[in-house]
Structures are given as structure tokens and as C-alpha cells.
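A.B. asks: Please see the structure below; I have some questions.
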Amino acid sequence: MVFSIPEKVNKLWDCWNIRGFIILSLSVQAFLILCAPLRKRRWGKWGKCLDILIWSAYLLADWIASVAIGFILSNKVKNSARSSDIQVLWAPFLLLHLGGPDTITSFALEDNEFWVRHLLGLALQFGSTLYVFMLSLPENKLWLPTLLVLIAGTIKYAERNRAFYLASFDHLGGNWVSSDWGDGIPIPAQFKNMDNQATFDFGDRSIIWSAVHHFGSIKRMLVGPFLSLNQCSDIRDTFLQEEDSTKVLRIMEIELSLLYEVLHTKLPVVDCRTGYVFRFISLVCILGALFSFWFFRKHELVLFDVLLTCVLLTGALLLDFVSGILLSYSDWMFAAHFQRMASFIDRKRMASFIDRKNMVSTYISKRKRWSKVVSQLNFVTYHSKDHPFGFQTVADFLHINSLLESIKGIRCLSSKSLREDQEWRFIFDEVRELNEFLIRILKDSSKTVLEAKEVWLCSRERVLKSFKLPELTQIIAGLDYTESILAWHIATELCFQGADQTSPPKTERIDYREICKRFSDYMFYLAEMQPNMMAAVSVNWKTVFEATLDQTESLVPRSSVSNEVDASRKILQLAIDATVDSGGKVKKSRSVLHCASKLASQLKMMNQTDRCPWEPLSKVWVQLMCFAAINCRPNVHAQQPSKGGELLTFVWLFMNHLGLGTHFSTHY
């Protein structure tokens, strides 16, 4: 028996397949223009849902346009009637849609690397559209608007391909390192102090100016191992002199926002003399097509097709207008405007211009550029959470246990807002203290350079001394970085759940206990859920984590605990004794539960002797965070602005601005 599609369904498909794809393509373009910029501020589970929607729309947009062009070509070959001429006019609109919105060219950095493939796609789609147009001649009375839209669509698609090329790392490595964009922009006199050095005393406008002035350094970080003295000394001095940590954070927010716009939008292509010329030509072509179609005698055409064509023409203009508004208030356009103003007018006139633009600059400097949240995940909650009934059996059968564990991590995930006067201020002070500490080491030794491993060992020794407990050094002496992360995290959680839950005295400026908890949960989240950002722990993290998790489950089964406090108390009671054999020696295991419990016991002893462990413990977490940040590949950090941003990326950028890159040297 052969299954046949009903005749009514066939007729409905033949009538609406092209029209439906055209409407869907226009809708997807509108969605991408409006929602793509939200990627920079997404966070949490709803943010991931938005990310999936944008990713789906991004992939769907190209597929819809390509399939619709194929339908139009097939229909034109089969049907030479004049009623199909209006469908020939729709084909260039699909080429226009393939050019994509200005607010998103690439979804991920990897898309930029395939610019050659996109160039081939441009040639094929342009050839298909041109072939459809040529088939309609000479009978096609809509040839003029079709030709005009074809020109505009080709320009838009070519812009997208050029954006891919400019954002590819091959081009970045060969061009940006020698580029002067953002370097050497003269700082107005009102942004300088008596020593002719840059200062931040002029409010929001100086924050924008400083970010623009130093943007060249972040470009080099992506393609080079370190910065030279001339490249780094200016911004290093600026960041060391500035005492307001919030302003430093604002500068780096703008820098990363500029990076996002360079890598994922059409701004670098549009914002140049050639870009403005071609954008003007494109606009004139769309307007010309609109007017020529408006005055065309349309009585032979289907009314719905006429209305749909008018929607396409006005929609193209409206989407361009919305894109123009969004881009005109982007950080790149504001920065590029500063660049041009600095090049063509004197500083006095520049200062006058900035004064008049105070409201705009205040808005731009203070708007939200990233999620400003710190994701949280902790070991005790992860251990206590069980899979839904039957899920483990299905996962074992399908061999998708890793996927099931990822889903479990998402179920345990939470987030907290970054407190700029607490967490960020503490990081700011600690990194600057680390810089001074390393300078003293170099002065006291014969070395001129400290490698990253030496920096970590020196900083760890400095932090452990702040505890004034020799036993701690003995406990963690044999642990590598991976084991240290997990051991310190479990110890922090055990102490936190067993500590007094009251707020710190009002005389204390910083809540070290809460800072320590947030840093600990954040680092555990990165190690478990973002392994690409934790290159320093990715080698044997799973082995250590699973061994520790299995041992915890054997000592404290999930069914025997009611909450995190109960689980922490039982783990602390049982872990030390369970890992010691009859001879008093520690059993060999990849688990760090024994070390974590001993650390927690020592920290609790500090608390009982009125010596607060939370401040030095917070220093431990900043030290671990700094080591992870600097060992993460720069291209991984470059991906984060499009994913809502990560605190670790700001730590990496701040350390590089201070010269704390893959090595440390007073001579760079």
C-alpha cells in the first residue's frame, strides 16, 4: 500500500510554501535584531532558554532563506506566468535576509573562522538569485525593483562576510597587533592631573574615554602571550593609581563590550567611510524599489502578494532603522566617535563637545553590559540531590550518564548578584597586593621573570602564612591545584554550614564569610560546569571529583540527610576516621575528603580561639581564582561577553592590565 498525500494538502502546500517561508524569514530577522543584544546580559536558566532561542533562530534564518530561494527557482522553472514575477522580486529579499541583522553576525567565535565557507555561500546564493532574475526576463515588468533589491541584498550579504573575516583570529593575529585603533588617543587635559597623567576625577565620561584609550591592549591579549612595556605601562599605572574599584570595573565592562561588538556584530564593517557609502547605496536601493513598486500597476497581481511585498519593503526599511538606532548607541560607535574627534579637533573643542554630551555619556557608561551575577554550585548540595526516579536506568541504557550529570548540575545551580563593594572590592585589593608582593620578590632575588607556576606557589605561600597555622601547610602540601580546589571548597562548605549564621558586626566593612562562600561555590561551578574555563584543573578533575563523591556517598548516603547543614555535620564527623586504617595511616585514594575534613577542623579551631578564618580563607579563593583566570586560554575569555559574562574574565583582564599575565616581570 502506497501512502499518498491528499490533494488538498498538496494544493495548500503549493500555494503557501513560498509565502510562508517569506513571512517566517522576516519574523526571524526581527527577532534576531531585537533579542541578539540581550545575550550580553543573559544569566540563569531563563538566560539559557533565551540563548537556545537565539541560537535556533540564527541557524534557522540561513536555512529558511536558502530553501525559499530554491522553491522560487523551482516554481519559476515550472511556471512562466506573470503571477510568478512577484515571487522573483521576493528572491532578493531572501538574499537581504541572508546578510543577517547588524546586531549579530556570528553566534560563536567558531563561526568567524568559517568565513571562506560563508564566502562560497554568498557566491552560490547570489548566483541562484541572479539566475531566477534572468529567467524572468524580458517579460518581467517588476525588473527594476527586483534589480534594486538584488543590489541591496548583495551589499548586506557581503557586509556579513567581511564581518566574519575581520573577526577571524587569522585576521586578528595579522592585523590587530599592529592596529592603532584605540591606541594613543590623546586624553583631554581635563582628564589629566598636575603630573600630566590620566585621572578619573571627571565622572562617567572619563570612564568611557579610558576604556577607549586602552582598548588596544585587550586586542593584543587575544593573539599575543604578553604586552610590551610601552603597551602595558600606561594602563598599568592608571589601574594602580585608581582607588575606586567600581570605576575600574566599569572600564573593563566597556572594553569587553567593545570586544563583543567587534567579534559578533557588523559594527567594524559599517563604521568606516566605505561602510557608510555602501549602506547609503543599500538604503537608496530599498527606497527606489519601494517607490517603483508603489507606482507599478498591480491590478494583475494577487492582493495578498502585493501586501506581503509592501510589508517586505517597509520591513526592510524599518529593520534598518531599528538596527541604526541600536548601533548608534553602542559602545563601538561612541568609541569610534571619540577616535575621530581626537584626530580632527583640538582638545579644548573636544572637552566642550564632551560637556554637551554629558547625558549621553552618563547613560552609556552606566548601562548594564553583562549579567553581573556569580553562578553558585556546591558539593554538599550536589551530593544531596538525587536523580528523578528511573532516570539513572535510562541513562545507563543509552550511555548518556555524562548528560544526566550535567542536568543534575543545572538543577543544583543558583546565582547571586555581584556586590561591587564586597566581592569585587576584595578581588581588586588582593590582586594589587599580589602585584606589590611579586615586585618585592623580584627585587629581593636575582630573577627578572616569574613564570605562572612560580607566581602561584609564591602567592599560595603568602596566603597560608596569613592563617598562622603551620598545620594547614602540612595538610595541603601534597595536593595539586585540582585537589586544592575541591579540598578547600568542601572545607569552606563544612565551616560555613556549621558557623554562626548571624550577620557580621556593622563595624566590619566587608562580610568575609559571605565572600568566602560565594567564591567557593563559584569556583566549584566553574570546575564542574565550565571545564573549558578551568584549563588548570581540567586534566584530572573528573577523577578526583568522582572519587570524592563516591566516598561521601558511602559515608553519608543521600537518604540519611535532610538538608545541607545536616549533611555537613555528618561528613565532618565521619570523614577523618573513615580514611584512616588500623595502623593510623591514611588510606590511598584520589578522594580529597580526608584533607577537606582536616582543613575544616583546623578552621573551626581558629574560630573557637576568636581568630576569624574567613578573611584569610577569602584570600585563598582569590589566589585560586587568579591562577585559573590566567591559565585559561584568551579565546575562551573572549567568548564570555556573548554568554552573559563571567567574573573570572574580569579577573583575567584586570591581571593582564597589571602585567600579571603568563609571566610576571618588572621589565615586561
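Here, each number is a calculation from the coordinates, and none is a lab measurement. Everything quoted here is computed from the prediction, not taken from an experiment. With ideal geometry, Cβ positions are generated from the backbone for all residues, glycine too; neighbour counts draw on all protein chains shown.
A.B. asks: Over 30 Å between Cα atoms: which of K598/K643; K517/K570; K247/K598; K40/K465; K368/K443; K372/K465 fall into that group? If you can, show how the numbers build up before the last one.
C.D. replies: On the way: K598/K643 38 Å; K517/K570 19 Å; K247/K598 40 Å; K40/K465 40 Å; K368/K443 42 Å; K372/K465 32 Å.
Pairs exceeding the cut-off: K598/K643; K247/K598; K40/K465; K368/K443; K372/K465.
A.B. asks: Counting Lys and Arg as +1 and Asp and Glu as -1, what is the net charge of the other residues whose Cβ lies under 12 Å from the Cβ of P37?
C.D. replies: Working: positive: R39, K40, R41, R42, R367, K368, R369; negative: D102, E261, D331.
Neighbour charge sum, excluding P37 itself: +4.
A.B. asks: Expressed as a whole number of Å, what is the distance separating the alpha-carbon centroids of the stretch 236-264 and the stretch 387-438?
C.D. replies: 25 Å
A.B. asks: So what J values fall out for the stretch 295-303 if you push phi through Karplus, 6.51 cos²θ - 1.76 cosθ + 1.60 with θ = phi - 60°, rounded to Hz, Gly and Pro as x?
C.D. replies: Each residue's phi maps through the Karplus curve to give 8, 6, 6, 9, 5, 7, 9, 5, 4 Hz.
A.B. asks: Considering only the other residues whose Cβ falls under 13 Å of the Cβ of W115, what net charge follows from Lys and Arg at +1 and Asp and Glu at -1?
C.D. replies: Details: positive: R117, R160, R162; negative: E110, D111, E113, E159, D170.
Computed value for this residue: -2.
A.B. asks: Let me ask another. Can you sort L283, L312 so the residue with the fewest Cβ neighbours within 10 Å comes first?
C.D. replies: Numbers: L283 17, L312 25.
Least to most surrounded, the residues fall as L283, L312.
A.B. asks: Out of residues 5 or more away from Q376 or on other chains, whose amide H comes under 5 Å of its own, with H placed 1.01 Å from N in the peptide plane?
C.D. replies: Those qualifying (amide H under 5 Å, at least 5 residues apart or on another chain) are S414, S415, K416.
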